[in-house]
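S.K.: Would you mind keeping the following structure in view while I ask a few things?
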Amino acid sequence: MLLLVLCVAEAGCVHRIQVRPLPIGVSSITIHRTVQPVISPIAMEGADHRPGIALLEWSHLDLKQAVFRYLQQRGTFTSVSPDPADLTLRVATKLRLTSRSGLYHYRILLQAEVSEDARLIKSYRAEHTAAGSSARWVTASDRDPIETALRGALEDLMRQIEEDGAIYLGRTEQPLQRPSHDKDTPSTGR
């Protein structure tokens, strides 16, 4: 009976994370290539493994879907496909949870490679840390800072890729610059 109570109590202390990071804005350029994101399983380490701390569960499927949606909405590439495409974006994700100064901190590290026909073009590294609460009582106390950290890391990763946009195109083709909507830009009357 005691074993059953312990198992039920333990299952109730697991925070199952689902995130929906949205890009802060759309890409400033469009790389006229299709991309297939290949997302590795999440590597997690940190404070959630201490006694009395709610455990954290973040599924590989949720991470894959979150990155896929983010890439589609940001619009850096012409299209994002689960099937083989012009380019492959391989992403390894590490979540590190620490406790400092009375708060939990969630650090997402993304290590990414862009390749074409199994030939590596360029590697990237992006990371972002978000502070959480002092206690992890409910799932949102983990989910919200994880989503913030993932969004920040994806923003950094995509800015780096966008800065390198020309290397993903032929020598004569340049990435399409999206028009700026600054107030200082004169209107063309269109």
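S.K.: Looking only at residues in the stretch 18-43 that are under 17 Å from D142 (Cβ atoms) and surrounded by 16 or more Cβ atoms within 10 Å (Cβ to Cβ), which one is modelled with the highest pLDDT? So that I can check it myself, show each step before the final result.
M.R.: Applying the first criterion (under 17 Å from D142 (Cβ atoms)) to the stretch 18-43 yields 18-21, 42-43.
Now drop any that are not surrounded by 16 or more Cβ atoms within 10 Å (Cβ to Cβ), which leaves 19, 21, 42.
On the way: V19: 89, P21: 90, I42: 93.
Checking each candidate, the answer is I42.
S.K.: Would the stretch 72-79 turn up any residue that is more than 16 Å from the chain's Cα centre (by Cα), open to solvent by 30 Å² or more (accessible area, probe 1.4 Å) and at pLDDT below 95?
M.R.: Checked the stretch 72-79: no residue is more than 16 Å from the chain's Cα centre (by Cα), open to solvent by 30 Å² or more (accessible area, probe 1.4 Å) and at pLDDT below 95.
S.K.: Ok, one more. Would you please name the residue that is farthest from E45 (Cα to Cα), looking only at residues in the stretch 89-105 that are in a strand (DSSP E or B) and either open to solvent by less than 20 Å² (accessible area, probe 1.4 Å) or without any contact (Cβ under 8 Å) to a residue 12 or more places away in the chain (or both)? Break it down stepwise before answering.
M.R.: Restricting attention to the stretch 89-105, the residues satisfying the condition of being in a strand (DSSP E or B) are 89-100, 103-105.
Narrowing further to those that are either open to solvent by less than 20 Å² (accessible area, probe 1.4 Å) or without any contact (Cβ under 8 Å) to a residue 12 or more places away in the chain (or both): 89, 91, 93, 95, 97, 100, 104.
Numbers: L89: 24, V91: 18, T93: 12, L95: 7, L97: 6, R100: 15, Y104: 13 Å.
Here the answer is L89.
S.K.: Would you check if there is a residue in the stretch 106-127 being touching a Pro at 6+ places or on another chain (Cβ under 9 Å), open to solvent by less than 70 Å² (accessible area, probe 1.4 Å), more than 22 Å from A43 (Cβ to Cβ) and touching a residue at least 12 places away in the same chain (Cβ under 8 Å)?
M.R.: No, every residue in the stretch 106-127 fails to be touching a Pro at 6+ places or on another chain (Cβ under 9 Å), open to solvent by less than 70 Å² (accessible area, probe 1.4 Å), more than 22 Å from A43 (Cβ to Cβ) and touching a residue at least 12 places away in the same chain (Cβ under 8 Å).
The values are calculated or read from the model by the stated rules, or taken from the named source; none is laboratory data. Just so we're clear, the structure is a prediction, and the values are computed from it rather than from any experiment. All Cβ positions, even for glycine, are placed from backbone atoms using ideal geometry, and neighbour counts span all protein chains on display. What goes into the accessible areas is simple: the full protein's heavy atoms, side chains included, and nothing from ligands, DNA or RNA. Shrake-Rupley method; radii C 1.70, N 1.55, O 1.52, S 1.80 Å.
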